[in-house]
1. Kindly provide the set of residues from the range 328-377 that are among the basic types (Lys, Arg), under 25 Å from the mean Cα position of the chain (by Cα) and farther than 17 Å from ALA268 by Cα, ordered by number.
2. Among the candidates PHE178, PHE145, which residue alone is closer than 30 Å to GLY66 by Cα, surrounded by fewer than 20 Cβ atoms within 10 Å (Cβ to Cβ) and among the aromatic types (Phe, Trp, Tyr)?
3. Can you tell me which residue is nearest to VAL64 (Cα to Cα) among those in the range 295-349 that are of a type outside the set (Val, Ile, Thr), within 16 Å of the ligand (Cβ to nearest atom) and surrounded by 11 or more Cβ atoms within 10 Å (Cβ to Cβ)?
4. Being outside any loop (DSSP other than H, G, I, E, B), surrounded by fewer than 22 Cβ atoms within 10 Å (Cβ to Cβ) and within 11 Å of the ligand (Cβ to nearest atom) is the filter here, so list the residues in the range 206-228 that pass it.
5. Within the range 132-150, can one find any residue that is among the hydroxyl-bearing types (Ser, Thr, Tyr), more than 12 Å from the ligand (Cβ to nearest atom) and free of Cβ contacts under 8 Å to residues at least 60 places away in the same chain?
6. Output yes when any residue across the range 168-189 is more than 20 Å from LYS243 (Cα to Cα), touching a helix residue (DSSP H, G or I) at 6+ places or on another chain (Cβ under 6 Å), within 13 Å of the ligand (Cβ to nearest atom) and at pLDDT below 95, and no when none is.
Amino acid sequence: MTDRPLKQIHLAAHFPGVNNTTVWTDPASRSQIEFSSFRHLAETAERGRFDFFFLAEGLRLREVNGLIHDLDVVGRPESITVLGALAAVTTHLGLAATVNATFNEPYELARRFASLDHLSGGRAAWNVVTSSDAFTGENFRRGGFLDRADRYTRAAEFVQLAREFWDGGQVRHSGPQFDVEGRLSLPRPPQGHPVVIQAGDSDEGREFAAATADIIFSRHSTLTAGQAFHADVKRRLAAYGRKPDELKIMPGVTYVLGDTDEEATERAAEIRRAQVGPQTAIAYLEQVWGIDLSDHDPDGPLPTADPVVDSTVVQGRTRIGDPLEIAARWRAVAAEKRLSSRELVIEVTGRQSFIGTPAAVAEQLDAYVQNDAADGFILVPHLTPGGLDDFVDQVVPLLQERGVFRTEYAGTTLRDHLGLPVPGRR
Ligand SMILES: Cc1cc2nc3c(=O)[nH]c(=O)nc-3n(C[C@H](O)[C@H](O)[C@H](O)COP(=O)(O)O)c2cc1C
């Protein structure tokens with residue numbers, strides 16, 4: 001242990017919407033479209049003194065063999081619209097929307113986030129994502145979309161331009177991606193610049209974050225992977241004249257609580273089974289195998305055929321690595337542990353990040369932050385909209401007792417909660 005002061009933990013609430021971890025079969029599960037659901041989760045997060053509320057984005061429903069993916073049929077409303085409504089029923093909570101830099105325009109987005117920042121009194125954040133696949137692009141233009149190699153060149157130029165618009169002066173810009181001249185039609189936002197979040201994991205993504213983001217939403221939720229990621233990204237900051245504190249690393253994490261560790265472990269296994277039902281298991285396999293597996297028995301062994309490498313059967317989801325290598329690895333695990341297809345998917349798609357009594361979970365979260373595996377967490381509950389209730393009631397008070405989480409908001413803007421200054425005008 002060093003004798004540096006305890007780090008303060010930052011917490012955010014991810015709204016459980018369209019993804020594979022939300023459990024829709026739970027009797028307590030409610031609509032992901034109705035405002036009451038967004039409101040419940042946001043009010044719970046604010047009661048827990050969280051830094052911000054977070055909405056992901058999916059611009060096109062996933063398809064398997066030309067049919068909409070079972071888990072996507074209900075879709076989700078547009079994020080900035082939802083956050084505008086939440087601004088009216090919350091007072092301190094930061095409001096973060098994921099919006100794509102590939103399919104939008106800098107002036108338009110700068111104006112929308114500046115508007116949200118004004119209407120919420122300085123609580124807006126933009127999670128800049130760069131997905132550039134042609135399948136999603138078809139929603140936006142007839143033919144032609146951004147080459148994958150250019151996604152961060154465009155994102156960097158985009159964010160730089162947005163910042164110039166937010167500063168309020170006359171903007172004159174001519175670059176490889178944008179040729180614009182103009183001035184924002186409203187005053188500089190209360191935060192100067194709304195908070196910028198980045199969520200890509202490639203080398204270019206990390207460099208982009210080091211150059212321009214205030215927060216990284218990462219996938220690295222184990223202690224050693226988190227420490228390696230944290231060290232890697234913080235090391236990149238110096239090249240941009242930035243200090244380690246100016247970029248917060250917040251992995252997306254899941255949790256399961258119980259009165260005893262055994263009870264929590266049992267609940268966690270039940271939740272995994274509910275998250276990976278027979279259809280979801282098949283969808284995972286199709287993502288790797290790239291073939292129609294609708295006739296495959298999820299309770300039988302893995303498919304005997306080899307994966308098709310350049311398949312278009314699954315659309316709208318990033319493929320998760322080299323399919324041949326993944327299939328070989330999965331076959332080895334299934335053989336060793338004698339698992340059915342569905343059991344295998346449950347096994348390899350990861351257990352929850354933090355499982356235990358509230359005291360055990362509070363201790364682990366704190367240890368991650370004090371040992372520089374993270375600066376905080378984006379909590380991803382498995383239930384809409386009540387999935388955060390137990391965490392706020394049972395874990396937050398223990399973090400507060402440990403002296404690592406605020407008991408009251410010290411300021412009113414998201415930058416205040418994050419300890420980030422208002423940027424000067426350029
Ligand atoms: C934790 C995490 C969350 C993400 N959430 C979204 C999302 O909600 N919507 C989206 O379109 N892309 C999302 N992405 C995709 C990334 O922003 C990025 O477009 C993609 O990972 C490709 O960039 P990369 O090659 O740098 O990883 C997410 C990525 C990560 C790591």
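The values are calculated or read from the model by the stated rules, or taken from the named source; none is laboratory data. Keep in mind that what you see is a predicted model, and the values were worked out from it rather than measured. No Cβ is skipped: glycine too gets one built from the backbone with ideal geometry, and neighbour counts run over all protein chains shown.
1. Pass one, the range 328-377, residues among the basic types (Lys, Arg): 329, 331, 337-338, 342, 351.
Checking which are under 25 Å from the mean Cα position of the chain (by Cα) leaves us with 351.
Once the filter is applied, which keeps residues that are among the basic types (Lys, Arg), under 25 Å from the mean Cα position of the chain (by Cα) and farther than 17 Å from ALA268 by Cα, the range 328-377 yields nothing.
2. On the way: PHE178 fails: closer than 30 Å to GLY66 by Cα.
Sole residue among the options that is closer than 30 Å to GLY66 by Cα, surrounded by fewer than 20 Cβ atoms within 10 Å (Cβ to Cβ) and among the aromatic types (Phe, Trp, Tyr): PHE145.
3. The first filter runs over the range 295-349 and keeps only residues of a type outside the set (Val, Ile, Thr), leaving 295-303, 305-307, 310-311, 315-317, 319, 321-325, 327-332, 334-344, 347.
If we keep only those that are within 16 Å of the ligand (Cβ to nearest atom) too, we end up with 315-317, 319, 321-322.
When the remaining residues are screened for being surrounded by 11 or more Cβ atoms within 10 Å (Cβ to Cβ), the result is 315-317, 319, 322.
Working: GLN315: 6, GLY316: 9, ARG317: 10, ARG319: 13, ASP322: 19 Å.
Checked the range 295-349; the qualifying residue nearest to VAL64 (Cα to Cα) is GLN315.
4. Matches in the range 206-228: ARG206, GLU207.
5. First, the residues of the range 132-150 that are among the hydroxyl-bearing types (Ser, Thr, Tyr): 132, 136.
Applying the additional criterion that residues be more than 12 Å from the ligand (Cβ to nearest atom) yields none.
Among the residues of the range 132-150, not one is among the hydroxyl-bearing types (Ser, Thr, Tyr), more than 12 Å from the ligand (Cβ to nearest atom) and free of Cβ contacts under 8 Å to residues at least 60 places away in the same chain, which makes the answer no.
6. No, there is no match, as no residue in the range 168-189 is more than 20 Å from LYS243 (Cα to Cα), touching a helix residue (DSSP H, G or I) at 6+ places or on another chain (Cβ under 6 Å), within 13 Å of the ligand (Cβ to nearest atom) and at pLDDT below 95.
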